[in-house]
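One structure is given here, and the rest of the page talks about it.
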Amino acid sequence: MIFHAFLIKYAEIAIKGKNRYLFEDALVKQMNIALSKIEGDYRVVKEQGRVYVFCPEEYDFEEAVAALKTVFGIVYICPVVIYEDKGFEQMRSDVVEYMKNVHPDYHGTFKVYTRRAKKSYPVNSMEVSARVGESILDAFPEAKVDVHQPELTVSVEIREKIYVYSKSIKGPGGMPVGTNGKAMLLLSGGIDSPVAGYMIAKRGVKIEAVYFHAPPYTSERAKQKVVDLAKLVAKYSGPIKLHVVNFTDIQLYIYDQCPHDELTIIMRRYMMRIAEHFAKKDNCLGLITGESIGQVASQTLQSLAATNEVCTLPVYRPVIGFDKQEIVERSWEIGTYDTSVLPYEDCCTIFVAKHPVTKPNLNVIRKSEEKLAEKIDELMEAALSTAEVIEIQ
């Protein structure tokens, strides 16, 4: 059966009071962006407290649903069949026709729910539900009415035309991207950081990203892997501005000057400084990392405190309480896992100490960083000024 439209259901947006329209407008904007990437002239319309997607005469149903499933803020996608209003008796016949096409041989419990947006319609909602239900029972003698816990709800919306739907396809939930500011993601080629970016974007945050490249120790293919991950995250978050920072000289200098058990922490502190520089420049309100407590030496509470110390912006760590398997499962769900496990090294894995410190002392770390004073500012400036910007769509 051809569905003429999709009714879009949301949850949190509905409780936003007088600002609700701002969230609805953001949702419509993101839906238009998602649907513009597929073939067909789709129209997204706010109409009498509802958001609808009206579909072209010919379109790919699965492709349209897949596009809408990438839009944060959508809780359910309901495929709708639209009938001309030719009177109440014809409506009863149309709903029975709908049932025969969408739920042939139905024999479970059901109820009819009517929403009369067109208040001038001569039959009230309760009567529509009762009499349409009778017509369904006549056509499906093995079906039963259950108004409390039905297995199927057939919804009838009376507008200028008659809208009928009964299926709900789960959306991603969350809040529309762009409704909660912007933050900077430290994106590596691993499993964790793309998941962290996805999770923050799901709360309505627009994201930018920074990647630390270390040629010749990391290859161009490693860089392309991160670009590919950014593209996968951008399917949900919208366009991402990716800053690619050449980190080689800073890493080599730290490696030469500092105790090797402190390398990871000190390198991480300089990454956070650089990420914060770009974040402030682009009016981001925080940093995002994929760190999880205790997963590696640089992610103990003491290590996280040591890296936090160099930041004045808040650091958001959405997977901090997840174990590795939980993060892996989420990466499967969002489609980043296969790319994340491609065997290309990133700069965090090149200069790893054999026995990294797990409980760094801040005073000791600061003392070690003093050894970098002669040259580090110059290297930082070079890294910042030569950073490449890639616009990910």
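Assorted remarks:
- Inter-label distance for Asp41 and Ile293, nm, one decimal - labels placed 7 Å from Cα along Cα-to-Cβ: 5.6 nm
- Pairwise FRET efficiency - Leu137 versus Leu384, Cβ, R0 = 45 Å, nearest 0.05: 0.05
- Cleavage-rule hits (GluC sites (Glu not before Pro)) in the stretch 116-154: DSSP loop, at most 11 neighbouring Cβ within 10 angstrom: Glu142
- Helical mean residue ellipticity (222 nm; -39500 (n - 2.57) per DSSP H run of 4+; nearest 500) of the chain: -12000 deg cm²/dmol
- Each label was represented as a point 7 Å from its Cα along the Cα-to-Cβ direction; for Tyr255 and Lys9 these points are 5.6 nm apart.
- Rounded to the nearest 0.05, the FRET efficiency derived from the C-beta distance between Ala117 and Glu333 at R0 = 22 Å is 0.05.
- The simple Förster model, with R0 at 30 Å and r as the Cβ-Cβ distance, assigns Glu58 and Asp25 a FRET efficiency of 0.55.
- Extension gain for Leu342 to Asp105 (0.36 nm times residue separation, less C-alpha to C-alpha distance): 80.5 nm.
- One decimal place: the segment Lys354-Arg50 gains 103.6 nm when fully extended, by the rule 0.36 nm per residue minus the C-alpha distance.
- Counted residue by residue at 0.36 nm each, then reduced by the alpha carbon distance between them, the extension gain from Cys311 to Glu84 reaches 75.7 nm.
- Of the peptides 86-92, 51-57, the ranking by mean beta-carbon count within 10 Å, highest at the top, reads 51-57, 86-92.
- When peptides 30-37, 267-274 are ranked by their average number of other Cβ atoms within 10 Å per residue, the highest-first order is 267-274, 30-37.
- Note on the chain: antiparallel DSSP beta bridges, both residues inside, total approximately 55 percent of the bridges counted.
- Simple Cβ-charge dipole of the stretch 41-129, Lys/Arg +1 and Asp/Glu -1, about Cα centre, in debye nearest 20: 660 debye
- Convex hull volume per residue for the chain, taking Cα atoms only, in Å³: 159 Å³
- Residues in the stretch 180-205 reached by a label modelled at Ile33 [backbone nitrogen below 19 Å; 7 Å Cα→Cβ]: 180-187, 194-205
- Heavy atoms of Ser219: accessible area, 1.4 Å probe, square angstrom to 10: 50 Å²
- Cross-link pairs Lys280/Lys324; Lys235/Lys280; Lys9/Lys161; Lys46/Lys161; Lys202/Lys231; Lys206/Lys280 - those with Cα-Cα distance over 22 Å: Lys280/Lys324; Lys235/Lys280
- Sorting 222-232, 12-22, 74-84 by average packing, meaning the other beta carbons within 10 Å per residue, from highest down gives 222-232, 74-84, 12-22.
The values are calculated or read from the model by the stated rules, or taken from the named source; none is laboratory data. The structure displayed is predicted, hence computed values, not measured ones. Backbone-built Cβ (ideal geometry, glycine too); neighbour counts: all protein chains shown. These accessible areas exclude ligands, DNA and RNA; they are computed on the full protein's heavy atoms, side chains included. Shrake-Rupley method; radii C 1.70, N 1.55, O 1.52, S 1.80 Å.
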